[in-house]
1. Does any residue in the range B:317-340 that is outside the structural domain of B:GLU254 (by TED's automatic domain parsing) come within less than 9 Å, Cβ to Cβ, of a residue that is among the aromatic types (Phe, Trp, Tyr) and surrounded by 17 or more Cβ atoms within 10 Å (Cβ to Cβ) six or more places away or on a different chain, and which pairs are these?
2. Here are B:PHE177, B:PHE122: which of them is aromatic (Phe, Trp, Tyr), over 17 Å from the mean Cα position of the chain (by Cα) and either within 24 Å of B:VAL207 (Cβ to Cβ) or surrounded by 14 or more Cβ atoms within 10 Å (Cβ to Cβ) (or both)?
3. Is it fair to say A:ALA194 is within 21 Å of A:PHE142 (Cβ to Cβ), in contact with a helix residue (DSSP H, G or I) (Cβ under 9 Å, 6 or more places away or on another chain), in a helix (DSSP H, G or I) and at pLDDT 75 or above?
4. Can you name every residue in the range B:277-311 that is within 27 Å of the chain's Cα centre (by Cα) and open to solvent by 30 Å² or more (accessible area, probe 1.4 Å)?
5. Considering only the range B:73-101, state which residues are open to solvent by less than 60 Å² (accessible area, probe 1.4 Å) and of a type in the set (A, V, I, L, M, F, W, C).
6. Exactly one of these conditions fails for B:ALA298: (1) among the small types (Gly, Ala, Ser); (2) touching a His at 6+ places or on another chain (Cβ under 9 Å); (3) within 14 Å of another protein chain (Cβ to nearest Cβ). Give me its number.
7. Within the bounds of the range B:40-50, is there any residue that is basic (Lys, Arg), buried (at least 20 other Cβ atoms within 10 Å of the Cβ) and farther than 17 Å from B:GLY376 by Cα?
8. List the helices (runs of 4 or more DSSP H) inside the range B:187-268, counting only whole elements, that have at least 1 residues being open to solvent by less than 10 Å² (accessible area, probe 1.4 Å) and within 13 Å of B:THR330 (Cα to Cα).
Amino acid sequence: MNHNELSLEPRVLADRAVAIKLVGVGGAGSNAVDRLKMENLARLQLAVINTDFQALSSSPVQEKVLIGLGITRGLGAGGDPDLGRQAAEADREKIAKVVKDCDLIFLVTGEGGGTGSGAAPVVAEIAAESGALVMAFVTMPFSFEGGRRLKQAEEGLKALRAVCDAVIPLPNDVLLQEASEGETVLDSFARADAWIGRGVKSIWAMLSKTGLINVDFATLRQTIGARGGKTLFGLAEGSGDNAMADAVAGLKVCPLLHTPEFSRKADRLLVNIIGGAGLTMHKVNELMTAVTEQFGRDSHIQMGAVIDEEMGTRVEVCILGTSDMGRGGNIRRPVAPPKSRPLPAADPAGASPAVTSVTVVPASPPSTPPTRGEAKILNVAPPAQEEFGFGEVESRGTFEKTDRILHDGHDLDVPTYLRKGIKIHI
Amino acid sequence: MSSRSTFIGAVEIGTSKICVLVAEHSGSEVAIIGRGECASRGVIKGAVVDFKAASECAHAALEQAERQAGEKIEEVFLAQTGGHLEGFYNEAAVSVKAADNLIDHSDVRTVCDLALLRDLPFGRTVVHNIRRPFRVDGRMIPGSPVNLVGQRLEVGYWTVHGQEQRLADTINVIKGFNLNVREIVLASLASGYVVTSPEERQHGVLVIDVGGGTTDFALYRDGCAHTTGVLPVGGAHITNDLSIGLRLTQAQAEKLKLRHGRATVQTKDKAQKVWLDGNFAIGDRQFSQQAIEQIVAARIEETLQVVRQRLGAAFRPETCAAGVVLTGGTARLPGIAEVAARVFGVPAHLGEPPVWVAENLREPGHHTALGVLYCGIKAQAEHGQSARRGRGFFSSLRELFTHA
């Protein structure tokens with residue numbers, strides 16, 4: 001436990017047992033982590049994993065791991081996912097060291113390239129084996145980056161969905177819609193990073209700040225800890241007198257939620273509200289009504305409210321939902337106990353997964369008792385997650401269930417403006 | 001023809017609405033005496049997906065039409081559309097048998113039979129065989145070549161074929177009302193017949209019927225249909241695009257499309273907003289007029305471009321002197337003719353039915369049903385007149401009810 005880079009950990013864990021780590025994989029992932037580094041979030045550990053030595057060396061993050069030195073000679077994966085995967089497979093121990101002893105791991109990566117699409121699923125798999133809850137934020141390539149990258153990205157996304165608890169894709173195309181006329185490439189990518197940052201930050205805030213109505217790690221696990229479904233994630237903020245109304249309106253245009261309304265129904269929903277000292281019950285009620293109205297009245301709703309003096313009149317809302325999508329039901333993620341846990345007793349909320357145990361046997365059935373009649377499917381291999389309505393190929397709206405109309409390799413059911421990258425000012 | 005009048009129902013099962021016209025047909029006269037219309041359910045992109053829902057709507061429309069007419073419909077002419085309809089061109093040539101090179105009926109029959117020999121893929125059935133003009137020694141003959149002199153007689157057919165099951169689906173909807181389908185007519189031909197004049201068809205004209213779920217098109221050259229096609233993209237796609245782009249429900253998007261949709265981007269001011277409801281109710285939202293126009297314009301332009309690509313070499317501006325005629329419900333979008341003119345490089349205008357069509361039937365949404373009625377009657381008349389392959393393409397309409 002006394003690696004240099006982890007020297008902070010025991011102190012961090014001493015006051016709260018939830019260890020959160022943000023791991024950037026590949027170029028895009030590292031950039032996003034670098035950006036977040038500036039924000040200085042307490043208790044959030046950062047790490048980057050890359051195949052490119054040069055990119056790693058310029059990163060301000062402390063914990064940097066170069067993988068696949070013997071395969072890529074530290075020169076990057078060159079857009080080849082196979083190479084990326086091999087690199088990660090070759091350095092499993094290094095990766096295992098990075099993800100060790102964490103409760104929640106945010107995996108940030110950009111799909112489409114070599115390391116992002118190839119290595120990220122391996123990292124996620126190792127992290128899941130170590131017992132952590134793995135949430136992945138992934139950016140999808142712009143359409144103009146070409147069909148090959150898109151294909152790689154989708155394969156990468158699929159692989160990631162099979163091993164992560166929640167995958168939140170962020171289609172860059174949607175960001176293009178938001179961009180103003182004169183925005184530079186740098187700004188556009190920064191915007192993608194910023195959204196990922198906001199996503200990570202809001203979950204971090206939810207867990208690390210003690211709330212009026214507290215949402216703890218167990219709640220989070222409860223909400224997302226079932227695979228084989230859709231993940232819904234969105235956030236928005238508002239300020240001033242109409243803070244609540246602004247936040248609700250903001251949720252409607254959040255690019256992370258880029259899907260038409262009819263598919264935005266979640267079976268389990270976690271809503272977290274962060275507001276200033278002036279947050280009234282009335283306002284909370286107003287917001288919750290609007291949110292549940294939109295995202296599923298019948299869902300199992302967990303709600304959290306955090307008071308942060310610094311927020312002033314601002315209000316931030318973060319929703320996270322999952323829905324079970326047919327196909328043989330969802331599988332409760334096998335919670336493998338971690339090998340050794342520092343300070344297991346300091347767990348105020350009783351939140352972390354089952355403690356102490358033997359070595360990990362990843363393939364074996366989970367040690368936690370299966371819940372809600374899911375026993376019968378536990379031994380089945382986890383199904384790949386249902387494709388979520390994001391990105392180019394998937395947003396077909398009402399035509400979701402119909403035959404595709406292909407013309408020149410384009411699916412004509414997908415809105416033209418999306419396929420052609422026409423910017424829409426909402 | 002019998003002197004007794006028959007009551008004919010022309011039915012169009014569309015994606016957005018089901019339209020029924022009842023006509024009294026006595027010998028040479030046709031009078032439209034009833035109309036029924038019902039919003040359509042269970043039909044997506046021109047194909048029946050929910051038989052029960054589609055049947056209920058169709059039967060409601062049929063009942064309404066019968067009530068208005070005060071008569072029972074005896075037989076039905078049915079419009080056909082859907083992405084499964086495809087077409088191909090096949091031609092044949094024969095040497096004229098007679099010593100004096102005078103073409104007779106048997107030559108014509110032989111060449112027609114030869115041109116129709118090509119087999120269809122499995123599970124498909126012919127909807128129409130549309131004959132292109134005969135050629136005698138390479139010279140085009142607008143009418144019948146019988147008694148003309150030449151050595152070589154050529155003819156080609158544009159064969160429209162569709163999937164048997166899909167065709168049977170729509171026919172079974174009508175059968176469920178205990179009615180027989182007497183004729184099926186390709187929707188594009190039906191509306192094309194209504195909105196173009198014989199002169200326009202002679203000079204070359206492209207009819208594009210942009211409907212709710214499909215865009216049907218028919219290119220006429222030398223007086224008859226040359227190429228037809230169905231693209232299963234229509235107004236519902238615009239609604240869907242708006243719903244995804246502006247994050248609205250389908251119903252809201254539909255409303256926005258009808259109120260503020262435009263086929264061209266005219267609004268320059270990004271800040272110009274329109275209300276969703278405009279009734280000052282709680283929950284009303286504002287949308288950028290420009291965003292709406294951008295989304296709609298992108299779809300319309302692309303749809304027309306795809307039509308042009310599908311037509312391929314068949315469409316050339318030189319041979320389409322009468323330009324593009326637009327019809328169908330989506331043709332009501334302001335500015336669509338402008339876009340069509342730009343895409344096809346020929347003048348474009350909205351289709352108008354002939355002057356004798358009554359005021360309440362002049363809506364573009366009714367053109368197909370109207371066309372089905374007249375095409376059907378024309379075909380029937382020709383079936384009655386002669387058993388042999390007659391003149392004009394309408395005679396090659398197939399009576400499908402015997403196969404279905």
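The values are calculated or read from the model by the stated rules, or taken from the named source; none is laboratory data. These figures come from a predicted structure and were not determined experimentally. All Cβ positions, glycine included, derive from the backbone under ideal geometry; neighbour counts span all protein chains shown. Accessible surface is based on the protein model in full, side chains and every heavy atom, while ligands, DNA and RNA are left aside. Shrake-Rupley method; radii C 1.70, N 1.55, O 1.52, S 1.80 Å.
1. Short answer, once both residue conditions are applied: B:PRO317/B:PHE344; B:CYS320/B:TYR220; B:CYS320/B:PHE344; B:ALA322/B:TYR220; B:GLY323/B:PHE344; B:VAL324/B:PHE344.
2. Values: B:PHE122 fails: either within 24 Å of B:VAL207 (Cβ to Cβ) or surrounded by 14 or more Cβ atoms within 10 Å (Cβ to Cβ) (or both).
Only one candidate passes the filter, namely B:PHE177.
3. When the stated conditions are applied, A:ALA194 passes them.
4. The answer is B:GLU301, B:GLN305, B:ARG308, B:GLN309, B:ARG310.
5. Initial filter on the range B:73-101 (open to solvent by less than 60 Å² (accessible area, probe 1.4 Å)): B:73, B:75-85, B:87-88, B:90, B:92-94, B:96, B:98, B:101.
Hits for the range B:73-101 are B:ILE73, B:VAL76, B:PHE77, B:LEU78, B:ALA79, B:LEU85, B:PHE88, B:ALA92, B:ALA93, B:VAL94, B:VAL96, B:ALA98.
6. The failed condition is (2).
7. Keep residues of the range B:40-50 that are basic (Lys, Arg), which gives B:41, B:45.
Add one more test, that the residue is buried (at least 20 other Cβ atoms within 10 Å of the Cβ), and what stays is B:45.
If we keep only those that are farther than 17 Å from B:GLY376 by Cα too, we end up with B:45.
Within the range B:40-50, one or more residues are basic (Lys, Arg), buried (at least 20 other Cβ atoms within 10 Å of the Cβ) and farther than 17 Å from B:GLY376 by Cα.
8. Numbers: elements: B:187-195, B:198-203, B:235-245, B:250-260.
Those helices (runs of 4 or more DSSP H) span B:235-245.
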